Amino acid sequence: MQLNLKKPLVFFDLETTGVNVTNDRIVEISFLKINPDGTEESTTWRVNPLIPIPVQATEVHGITDYDVKDCPPFHAIAASVAQRLEGCDLAGFNSNRFDIPLLAEEFIRANIDIDLKSRKFIDVLTIFHKKEPRNLKAAFMFYCGKELTEAHQAESDTKATYEVLMAQLDKYPELENDVDSLSFFSSFTKNVDFAGRMIFNENGEEVLNFGKYKGQLAREVLKKDSGYYSWMIQGDFALDTKKKLTEVYKRYKKSQ
């Protein structure tokens, strides 16, 4: 089987210093680009996160401070990474909830203006959880009948994720071999920001998705609680979340 693509689809995986989208950094990033004609291109970068890699993170992916001491920081390769993503949709394993939000944060820190929201996202983990709830290692065994012996190495995880998606298309005939359909199926909510702090309601309006105002229109919250915007901007929220909230805030102020 060959993926039915109208434009390239990039499978990608990040190895990081931890799992906090706001504070952690990339130490390895791997792309597997599938072109509409079925040809493949693979690229992997090691990245100096410019902060210490915790022992707990090294125990997962095996990358130490010494391994990346001579590697470029993300801002030095950000333009190249963005160029590789030009005109491509994205796919990954748990990518909607972690890899894409973290990648977006790194681009913002590097002052690279890339419109990730215009892309389609396929999260193979979401498809897996909706069909056979488990993890990548189990998914690889379940769908592909093979042992994932090099789990948590970006390149092997990326290739395994691609193989799992192809096997899912074979196993579930009701899944359409189409990026738009797969992106829709692998999404739980329609996020405004990558971290999911705000989501769109059925009318396309921004709604808060956390805290004491969860479920309320963002503009109404800003209207009734004048300090809420400042609290979020000064708080430990992702840069992308603050950017999207600022867009809502500016529209609200302009309408006054």
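Read the figures in this text as sums done on the coordinates, not as results from a lab. Fair warning: this is a prediction, and the values are worked out from it, not measured in the lab. Methodologically, a virtual Cβ is constructed for each residue, glycine included, from the backbone with ideal geometry; neighbour enumeration extends over all protein chains shown.
What is the spin-label model distance, in nm, from residue 172 to residue 82 if the labels are put 7 Å beyond Cα along the C-beta direction?
A separation of 3.4 nm, rounded to one decimal place.
If you put +1 on each Lys and Arg Cβ and -1 on each Asp and Glu Cβ, how big is the dipole of the chain around its Cα centre, in Debye rounded to 20?
1280
Any idea what diffusion coefficient segment 198-255 gets from Stokes-Einstein, in µm²/s, Kirkwood Rh on alpha carbon pairs, 25 °C, 0.890 mPa s?
214
So which residue, out of 38, 62, 227, gets the largest mean-square fluctuation from a GNM of the chain using Cα contacts under 10 Å as springs?
Ranking 38, 62, 227 by mean-square fluctuation puts 227 first.
Restricting to bridges with both residues inside the chain, how much of the DSSP beta-bridge set is antiparallel, in percent to the nearest 5?
75
What distance in nm lies between label points placed 7 Å from Cα along the C-beta direction at residue 58 and residue 147?
2.7
Could you calculate the contour length gain from residue 4 to residue 112, that is, 0.36 nm times the residue separation minus the distance between their Cα atoms, to one decimal place in nm?
So the extension gain works out to 35.9 nm.
What's the angle, to the nearest 10 degrees (0 to 90), between helix 74-85's Cα axis and the longest principal axis of the chain?
Roughly 70 degrees, rounded to the nearest 10.
Counting Lys and Arg as +1 and Asp and Glu as -1, each charge on the Cβ, what is the dipole of segment 198-255 about the Cα centre in debye, to the nearest 20?
With only Lys, Arg, Asp and Glu charged at Cβ, the dipole is about 260 debye.
Give me the number: length gained by fully extending residue 75 to residue 19, i.e. 0.36 nm times residue separation minus the C-alpha to C-alpha distance, one decimal in nm.
18.2 nm
Using a Gaussian network model on the chain with a 10 Å cutoff between Cα atoms, which of 41, 132, 15 fluctuates the most?
Comparing 41, 132, 15 in a Gaussian network model of the chain, the most mobile one is 41.
For the charge dipole of the chain, defined by +1 on Lys and Arg C-beta atoms and -1 on Asp and Glu C-beta atoms about the Cα centroid, which residue among 47, 237, 68 has the Cα displaced farthest towards the positive pole?
Sorting the options by dipole projection puts first 237.
Could you work out how far the C-alpha centroid of segment 21-43 sits from that of segment 63-123, in angstrom?
8
About its Cα centre, what dipole magnitude does segment 146-228 give when the only charges are +1 on Lys and Arg Cβ and -1 on Asp and Glu Cβ, stated in debye to the nearest 20?
660
Step through the table entries 131/242; 33/120; 33/243, compare each Cα-Cα distance with 26 Å, and write down the pairs that go over it.
131/242; 33/243
By how many degrees, 0 to 90 and rounded to 10, does the Cα axis of helix 100-109 deviate from the longest principal axis of the chain?
Result, in degrees: 60.
Students often forget the sequence filter, so: which lysines lie under 18 Å Cα-Cα from residue 137 once same-chain residues fewer than 8 apart are removed?
Of all the lysines, those that pass the test against residue 137 - Cα under 18 Å, at least 8 places apart if same chain - are 146, 159, 171.
Summing +1 for each Lys or Arg and -1 for each Asp or Glu, what net charge is found among the other residues whose Cβ lies under 10 Å from the Cβ of residue 63?
-3
Once Lys and Arg get +1 and Asp and Glu get -1 on their Cβ, which of 110, 85, 143 lies farthest toward the positive end of the dipole of the chain?
110
Going highest first, how would you order 243-252, 103-112, 26-35 by mean Cβ packing within 10 Å?
Taking the mean over residues of other Cβ atoms within 10 Å, the ranking is 26-35, 103-112, 243-252.
If the chain were replaced by its equivalent ellipsoid, with semi-axes equal to the square roots of 5 times the Cα gyration tensor eigenvalues, what would those be, largest first, whole Å?
31, 24, 17
For the charge dipole of segment 198-255, defined by +1 on Lys and Arg C-beta atoms and -1 on Asp and Glu C-beta atoms about the Cα centroid, which residue among 227, 211, 200 has the Cα displaced farthest towards the positive pole?
227
Using Cα atoms only, what is the angle between the long axis of helix 239-255 and the major principal axis of the chain, expressed in degrees (0 to 90) to the nearest 10?
With both axes taken from Cα atoms, the answer is about 30 degrees.
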